[in-house]
1. Over the range 1-84, average the accessible area per residue using a 1.4 Å probe and give it in Å², no decimals.
2. Send over the Kirkwood Rh of the range 1-54, from the inverse of the averaged 1/r over different Cα pairs, rounded to one decimal Å.
3. Rounded to the nearest percent, how much of the accessible area of the range 1-108 (1.4 Å probe, protein heavy atoms only) is carbon and sulfur?
4. P(r) tail for the range 31-114, what percent of Cα pairs lie past 16 Å?
Amino acid sequence: MSMPANAFIVPGVMVISAVPILVAAVLVARGNLHLINGLDASRLRDPAAACARFARLLALVAISMFAAALGYYWAHGNQNHMMIVTVALLVAVNAVAVAMLLALAALKRDYREPGQGDAKGTRSERTRGR
């Protein structure tokens, strides 16, 4: 298999591919949980913890892709090193994907019923007597 003549092509593609994931991590960290499989933050006990968890996992995917870009730059022209970097990238990204799926499944299991508020009641229940 012929490699591109420029050593920056494959690493550049990896970096460009990781940027949208990093942007998604920032958006989720700011509270946009609906980006993660349509999660409804109002039905979660602790939406801030869920945001932090998913932002951290998405950032780990981006970091592993940035590390793979460095690995591809290091391995330029050596098929054995390219294979090692590719396998490491696949293992890292898929491990984080499994962690995300497990976290998502746990959150979906713990969904509260729609309209169910916190222990103090919903805002409408607290202000009804006023």
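The values are calculated or read from the model by the stated rules, or taken from the named source; none is laboratory data. All of these numbers come straight from a predicted model, not from anything done at the bench. Just so you know, the surface numbers come from the protein's heavy atoms only, side chains and all, with ligands and any DNA or RNA stripped out. Shrake-Rupley method; radii C 1.70, N 1.55, O 1.52, S 1.80 Å.
1. On the way: 5020 Å² over 84 residues.
Heavy-atom SASA per residue in the range 1-84 reads 60 Å².
2. Numbers: mean 1/r = 0.0755 Å⁻¹.
Its Kirkwood hydrodynamic radius stands at 13.3 Å.
3. Details: 4490 of 6330 Å².
Result for the range 1-108: 71 percent of the exposed heavy-atom area is carbon or sulfur.
4. Working: 2011 of 3486 pairs.
Tail of the P(r) past 16 Å holds 58 percent of the pairs.
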